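Undergrad: One structure, pasted below without further comment.
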Amino acid sequence: MKNKNIGVVIPIYKDYFDEMEFFSIKHSLQTLKNFRVSFLCPDNLNLNFYNVNFPEADFVSLDKKYFDSVQSYNHLCYLPDLYQKFTSFDFILLLQPDAIVIKDELSVWASKGYDFIGGPETRLMVDDLKNFSPFSILGEHVVGLYGMNGGLSLRNPKAFLDVQDEYENIISIWKGRLDMLYHGEDYFYSLISRVSKKFKTPNEVVASEFALTNKFYQWVKFNRGILPMGFHKWYQFSSDKKFVLDAIRQTNTSPPQV
């Protein structure tokens, strides 16, 4: 029986997966076989490949303009309509095709009380909120953080809708930045959790046991050999790819040759 409280959502924007994307998603869904799967796609996408290879999956379509670029996808992740489509779930796992899940720990992480969890970033970002209401009342108000990556992330749809209402004015300004420089939606939600009264995220060390998006070896060593639930951008470098394939073997599964 499929878990009714947590859904797996896979954003797609092209007619098929390449070899590594196909391997990543197939292995992830084998690992997460007890969860419902939805492909999030543009409304003009040819779905033949996905219908053949993922016959049990659902499809949720939105305007194609949100799938044209990294910037447009970030706009999508600010869109209330996105989260409203998944409010039947307590949580969704947003699984990009270049991410892979190697352990089924979704229910465990969903029980921890966080609204947004992703692998820790390693680049410190600092933003001054003094020009944003209501923080302008406080004068200087600088928030620094490493943040979490959204490519493999667990999200509470209702909490995302609530925080969008809580800081609607800041979201409006932040979306305008996407066209000038890269301020990812995952950075925004990581940042706003530091000042929200309700929106909860873990610190970077806790997040590193959920997923990793870089420094795989270093983080696993730091965590005394504990492997995360999954990895994002895992085959970008050959050393990372080897590390993750070895990690899959450690979890007593047999990955096909890639």
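Undergrad: Name the residues in segment 186-209 that are farther than 22 Å from MET229 by Cα and among the hydrophobic types (A, V, I, L, M, F, W, C), would you?
TA: Once the filter is applied, which keeps residues that are farther than 22 Å from MET229 by Cα and among the hydrophobic types (A, V, I, L, M, F, W, C), segment 186-209 yields PHE188, LEU191, ILE192, VAL195, PHE199.
Undergrad: From the list ASN48, ASN34, ASN53, ASN3, exactly one residue is at negative phi, in contact (Cβ under 8 Å) with a residue 12 or more places away in the chain and surrounded by 16 or more Cβ atoms within 10 Å (Cβ to Cβ). Which is it?
TA: Going through ASN48, ASN34, ASN53, ASN3 in turn, just one is at negative phi, in contact (Cβ under 8 Å) with a residue 12 or more places away in the chain and surrounded by 16 or more Cβ atoms within 10 Å (Cβ to Cβ): ASN3.
Undergrad: For segment 24-83, enumerate the residues that are part of a strand (DSSP E or B) and in contact with a Cys (Cβ under 9 Å, 6 or more places away or on another chain).
TA: Listed by number, the residues that qualify are PHE59, VAL60, SER61, LEU62.
Undergrad: Please go through segment 86-111 and give me each residue that is outside any helix (DSSP H, G or I) and more than 12 Å from ASN156 (Cα to Cα), ordered by number.
TA: Answer for segment 86-111, where residues must be outside any helix (DSSP H, G or I) and more than 12 Å from ASN156 (Cα to Cα): LEU95, GLN96, PRO97, ASP98, ALA99, ILE100, VAL101, ILE102, LYS103, ASP104, GLU105.
Undergrad: Just give me the residues in segment 99-119 being surrounded by 19 or more Cβ atoms within 10 Å (Cβ to Cβ) and either within 28 Å of ASP18 (Cβ to Cβ) or not small (Gly, Ala, Ser) (or both), in sequence order.
TA: ALA99, ILE100, VAL101, ILE102, LEU106, TRP109, TYR114, ASP115, PHE116, ILE117, GLY118, GLY119
Undergrad: Can you tell me which residue in segment 155-183 is nearest to SER107 (Cα to Cα), limited to those that are in a loop (DSSP other than H, G, I, E, B) and either modelled with pLDDT under 80 or among the acidic types (Asp, Glu) (or both)?
TA: HIS183
Undergrad: Further question: For residues that are of a type in the set (Ser, Thr, Tyr) and in a loop (DSSP other than H, G, I, E, B), scanning just segment 195-225, find the one that is farthest from the chain's Cα centre (by Cα).
TA: Looking at the filtered set, the residue picked out is SER196.
Undergrad: While we're here: Name, by its number, the condition in (1) over 21 Å from VAL8 (Cα atoms); (2) of a type in the set (Ser, Thr, Tyr); (3) assigned to a helix (DSSP H, G or I) that does not hold for TYR189.
TA: Condition not satisfied by TYR189: (1).
Undergrad: Going by what's in this entry, would TYR66 be described as in contact with a Leu (Cβ under 8 Å, 6 or more places away or on another chain) and surrounded by 15 or more Cβ atoms within 10 Å (Cβ to Cβ)?
TA: The answer is yes for TYR66.
Undergrad: Also, quick follow-up: Just a yes or no: is a residue in segment 127-139 in contact with a His (Cβ under 7 Å, 6 or more places away or on another chain), aliphatic (A, V, I, L, M) and modelled with pLDDT under 75?
TA: Yes, segment 127-139 contains a residue that is in contact with a His (Cβ under 7 Å, 6 or more places away or on another chain), aliphatic (A, V, I, L, M) and modelled with pLDDT under 75.
Undergrad: What is the number of the single condition among (1) part of a loop (DSSP other than H, G, I, E, B); (2) at pLDDT below 95 that PRO228 does not meet?
TA: Failed condition: (2).
The values are calculated or read from the model by the stated rules, or taken from the named source; none is laboratory data. Source: prediction; values computed, not measured. With ideal geometry, Cβ positions are generated from the backbone for all residues, glycine too; neighbour counts draw on all protein chains shown.
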